[in-house]
Amino acid sequence: MYMLFLSQKQLSRLAIVLFLALVAGVGLYGVLKGEETVTTMQVAPIYRGQQQFQAVALTFNVDWGEEYLPGILDILSRNQIKATFFLTGRWANKHPELTRRIFHEGHEIGNHGYSHPHANKLGKGANQEEINRTERVILTLTGHQTRLYAPPYGENSPHVVNAAWELGYRTIMWTIDTVDWQPKTSAEDIKRRVLEKVQNGAIVLMHPKETTVLALPEIIKEMGQKGYEFMTVSEIVAGID
């Protein structure tokens with residue numbers, strides 16, 4: 001058996017070589033695994049806008065209820081308020097004139113997927129196809145490029161949020177859920193839920209329902225009396241990472 005004796009200088013050089021080899025190996029691993037690194041990056045959904053604004057954002061998720069949308073748009077127009085409407089692609093395809101009216105009246109249009117599936121049960125590719133199909137429909141109808149995504153059923157598992165992020169979308173949730181979609185929810189219930197929980201930067205979730213149409217004027221009036229202004233989602237979340 002042979003023993004190898006190295007000088008202090010040789011040991012120092014060997015340590016440097018081994019360190020550089022280790023760094024190079026880590027770098028190569030990162031390149032080879034780059035796709036995995038991107039897809040596992042954690043991006044948080046947004047539940048609330050900037051809190052320095054005494055303002056709220058009214059949002060409407062739309063996959064049905066077209067018979068109530070004209071009433072909602074009329075109320076918003078009378079009060080000179082711009083809201084954010086998250087549309088499914090299949091709904092926009094069936095109702096191109098209402099989609100264009102929403103856009104031409106100055107409201108913001110967001111992406112609600114195409115067929116309103118349970119997003120948590122879909123893989124990345126299927127979720128991205130839902131978003132892309134709706135993006136194409138809305139772009140064709142309005143010329144507007146959607147960049148905000150409200151996942152169907154509010155399902156926001158990390159892989160759902162990351163799938164949207166990779167396409168350039170921020171995932172938007174809500175601060176206040178009116179639960180207006182439930183049959184037992186009355187106009188008074190909707191109004192109470194909003195006014196009891198209203199706070200700076202709140203994002204309010206609603207749907208096109210008859211009870212929502214009845215509650216909306218009172219909500220707008222009373223929030224105005226409290227000093228709140230109304231913003232679109234893009235405006236109220238601007239600057240949030």
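Every number here is computed from the coordinates shown, using simple stated rules; none is lab data. For clarity, every value in this text was computed on a predicted model and none was experimentally measured. Cβ atoms come from the backbone with ideal geometry, glycine included; neighbour counts cover every protein chain shown.
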In segment 166-226, taking the dipole from +1 charges on Lys and Arg beta carbons and -1 charges on Asp and Glu beta carbons about the Cα centre, the listed residue (Val179, Met223, Thr212) farthest towards the positive end is Met223
Please report how far the C-alpha centroid of segment 135-150 lies from that of segment 214-241, rounded to the nearest whole angstrom. 23 Å
Per-selection Kirkwood Rh - segment 55-237 (Cα, Å, 1 d.p.): 16.3 Å
With θ set to phi - 60°, apply the Karplus curve 6.51 cos²θ - 1.76 cosθ + 1.60 along segment 66-71 and write out the HN-Hα couplings as whole Hz, x wherever there is a Gly or Pro. 4, 5, 9, 5, x, x
Need the list of aspartates and glutamates near Lys94 for cross-linking: C-alpha distance under 14 angstrom, and skip anything on the same chain fewer than eight residues off. Asp63, Glu66, Glu67
Sequence-distant residues sharing a close amide H with Glu229 (under 5 Å, placed H): Ala55, Val56
Tell me, what is the FRET efficiency for Gln51 and Lys184 to the nearest 0.05, using R0 = 30 angstrom and their Cβ-Cβ distance as r? 0.40
Evaluate E = 1/(1 + (r/R0)^6) for Asn200 and Arg147, where r is the Cβ-Cβ distance and R0 equals 30 Å; express this FRET efficiency to the nearest 0.05. 0.80
For an R0 of 22 angstrom, estimate the FRET efficiency from the Cβ-Cβ distance between Asn79 and Leu214 and round to the nearest 0.05. 0.90
Whole-Hz ³J(HN,Hα) from phi, Karplus 6.51 cos²θ - 1.76 cosθ + 1.60, for segment 133-143, glycine and proline x: 4, 5, 4, 5, 4, 5, 5, 5, 6, 10, x
Could you sort 66-76, 101-111, 220-230 so that the peptide with the highest average Cβ count within 10 Å comes first and the rest follow in order? 101-111, 66-76, 220-230
